[in-house]
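Undergrad: My questions all concern the structure below.
The values are calculated or read from the model by the stated rules, or taken from the named source; none is laboratory data. Just so it is clear, the structure is predicted and the values come from calculations on it, not from any experiment. Positions of Cβ are generated from backbone atoms using ideal geometry, with glycine treated the same way; all protein chains shown enter the neighbour counts.
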Amino acid sequence: MFGLDLNGLTGEVVTRRNLKYEAARQEWNRSIQKFPLIIVYASEVKDVSNAIKWAVKNQIDLRIRSGGHHYEGYSVGNNVLVIDISRLNTIKMDSSSRTITAGGGVRNEQLYEFAGKRGYPFPGGTCPTVGVSGYVLGGGWGYSSRFLGLGCDSLIELELVNAEGELVKASKNKNKDLFWACKGAGGGNFGVVVSMTFRLPPKIGSVTLVQLYRPEASPAVMEQFLLTWQKWLTKADRKMTISATLYDSSSEGMAIFGRGFYYGPPDEAKKILAPFLKIIGMEISAEEKTFLEAVREVAETYPPSEKFKSTGRFVYKPYTRDEIRTLAELIQNKPPGSIFAGFTVYALGGKVKDVNPEETAFYYRNARYIAGIQSVWEEDRFASANQRWVVQRFQTLESLTEGSFVNFPISELKNYETAYFGGNAERLRKVHDRYDPSRVFQFPQAIR
């Protein structure tokens with residue numbers, strides 16, 4: 001360990017000589033292969049505090065990991081100390097105030113199970129193993145966003161361990177600037193979040209899980225879909241939030257698949273989605289389920305890991321037919337070795353837009369939707385070709401959009417602070433100066 005004394009570290013400490021190290025260093029995105037110096041699995045807040053103090057004393061860079069889903073792998077790194085908070089996963093509920101307090105390591109699936117079994121929905125993400133803290137710190141988009149708001153909009157208090165190893169509380173009444181910043185500025189900037197308290201929505205009986213599918217979709221069909229999408233979304237009922245992907249996969253070829261939730265009955269959901277039936281061959285389903293059944297069904301479609309490159313940008317305007325054609329062409333000619341190349345649209349508006357862009361650190365409240373590009377591969381020899389393919393298409397997407405989603409990051413992004421945080425970037429720098437003046441919490445795209 002380069003002569004380092006590990007005394008002072010608590011929790012489970014995994015070093016390169018440990019048999020658990022190889023598995024412990026892996027991210028969900030298996031294309032990320034980093035070799036940290038030490039991984040500390042924190043079971044208590046004091047383990048987090050001790051790790052921060054030890055890293056500062058020994059001048060070792062820190063990384064913070066909850067679910068390990070950062071697209072570019074910034075929750076790990078070479079020769080760093082990783083504070084893994086996945087074991088801080090307790091959940092408590094106060095029924096009288098309809099609030100739920102989750103440890104910083106709780107994942108979507110755990111919070112869904114806890115809330116769902118009690119009859120409550122929660123505006124979490126789509127992937128079950130994503131850490132709720134990272135999801136919320138970046139804003140948090142999911143299939144309830146247009147109706148219940150972003151994940152961060154339900155946050156009422158958090159606790160984090162700061163650069164001095166001290167526990168700090170933040171809410172609208174205490175450390176208000178820190179609380180504001182933690183609602184959309186992304187994880188890893190201000191400290192290690194160890195607890196989050198949310199106000200739950202009222203109980204519900206059921207939701208409708210909707211799906212759209214168009215197999216064998218030609219470029220012309222994909223263009224028709226995007227034209228329909230942008231017109232449909234301007235008047236869509238806020239009780240419905242969906243995403244849809246235009247893709248070329250090794251198993252299906254060219255196709256379109258969409259999915260989401262409607263907080264109402266199936267017959268209403270089908271009427272809302274009726275404009276898409278004008279696309280010949282489009283199949284639409286709408287099934288009533290409990291909230292927990294719906295999120296479980298979505299969860300089953302996610303693999304345990306992938307090798308991928310993916311990112312997303314914000315769309316503010318309706319596109320011309322030529323621009324729509326340009327977007328549809330992004331997934332034509334997928335790269336060698338790609339098993340899935342896709343262009344995805346994620347609906348915004350509704351309750352997301354009800355909040356002023358300056359009210360939280362999540363600036364892009366007025367965007368119509370998020371547009372993302374991705375490629376997935378299996379063999380390492382194709383990694384570079386797939387990554388270049390995404391970066392090249394990102395440049396086209398960048399020219400047609402206005403900002404980048406911090407939860408869908410891309411390492412090649414220039415002027416990333418402005419891109420991620422828009423008009424809130426300067427205020428975030430000031431908050432960072434106040435709470436981490438020594439820049440203990442740093443990573444490749446940290447607030448500077």
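Undergrad: Considering each residue of region 214-225, count those that are surrounded by fewer than 17 Cβ atoms within 10 Å (Cβ to Cβ), more than 13 Å from R321 (Cβ to Cβ) and in contact (Cβ under 8 Å) with a residue 60 or more places away in the chain, and give that number. Before you say what the answer is, go through the steps one by one.
TA: Here is the first cut: in region 214-225, the residues surrounded by fewer than 17 Cβ atoms within 10 Å (Cβ to Cβ) are 215-216, 218-220.
Those left that are additionally more than 13 Å from R321 (Cβ to Cβ): 215-216, 218.
Checking which are in contact (Cβ under 8 Å) with a residue 60 or more places away in the chain leaves us with 215-216.
The number of residues fulfilling the criteria is 2.
Undergrad: Here are some residues: S144, S49, S75, S96. Which one is of a type in the set (S, T, Y) and either touching a Cys at 6+ places or on another chain (Cβ under 7 Å) or surrounded by fewer than 20 Cβ atoms within 10 Å (Cβ to Cβ) (or both)?
TA: After ruling out the rest, the residue left standing is S96.
Undergrad: How many of the residues in region 343-383 are under 20 Å from A185 (Cα atoms) and among the β-branched types (V, I, T)?
TA: 4
Rundown of residues vs (1) of a type in the set (G, A, S); (2) outside any loop (DSSP other than H, G, I, E, B); (3) over 24 Å from the mean Cα position of the chain (by Cα), yes/no style:
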| residue | (1), (2), (3) |
| --- | --- |
| I156 | no, yes, no |
| L160 | no, yes, no |
| G165 | yes, no, yes |
| K203 | no, no, yes |
| Q211 | no, yes, no |
| A217 | yes, no, yes |
| A220 | yes, yes, yes |
| K231 | no, yes, yes |
| A236 | yes, no, no |
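Undergrad: Would you mention how many residues in region 245-255 are surrounded by fewer than 24 Cβ atoms within 10 Å (Cβ to Cβ) and out of contact with any Asp or Glu (no Cβ under 9 Å at 6 or more places or on another chain)?
TA: Number of matching residues: 6.
Undergrad: Please go through (1) farther than 27 Å from L209 by Cα; (2) touching a strand residue (DSSP E or B) at 6+ places or on another chain (Cβ under 6 Å) for N356 and return the number of the only condition it doesn't satisfy.
TA: Unmet for N356, out of (1) farther than 27 Å from L209 by Cα; (2) touching a strand residue (DSSP E or B) at 6+ places or on another chain (Cβ under 6 Å): (2).
Undergrad: Let me ask something else about it. Within region 268-292, how many residues turn out to be in a helix (DSSP H, G or I), touching a Phe, Trp or Tyr at 6+ places or on another chain (Cβ under 8 Å) and under 14 Å from M240 (Cβ atoms)?
TA: 5
Undergrad: Then there is this: Going residue by residue through region 379-399, is there one that turns out to be in contact with a helix residue (DSSP H, G or I) (Cβ under 6 Å, 6 or more places away or on another chain), closer than 21 Å to S243 by Cα and without any contact (Cβ under 8 Å) to a residue 40 or more places away in the chain?
TA: no
Undergrad: Within region 58-86, which residues are within 24 Å of I32 (Cβ to Cβ), assigned to a loop (DSSP other than H, G, I, E, B) and without any contact (Cβ under 8 Å) to a residue 60 or more places away in the chain?
TA: I60, G73, V76, N78, N79, V80, S86
Undergrad: While we're on this one: Out of all the residues in region 362-370, is one or more among the basic types (K, R), assigned to a loop (DSSP other than H, G, I, E, B), touching a helix residue (DSSP H, G or I) at 6+ places or on another chain (Cβ under 7 Å) and surrounded by 14 or more Cβ atoms within 10 Å (Cβ to Cβ)?
TA: yes
Undergrad: Need the failing condition index for K414 against (1) over 24 Å from R65 (Cα atoms); (2) of a type in the set (K, R); (3) at pLDDT 95 or above, just the number.
TA: (3)
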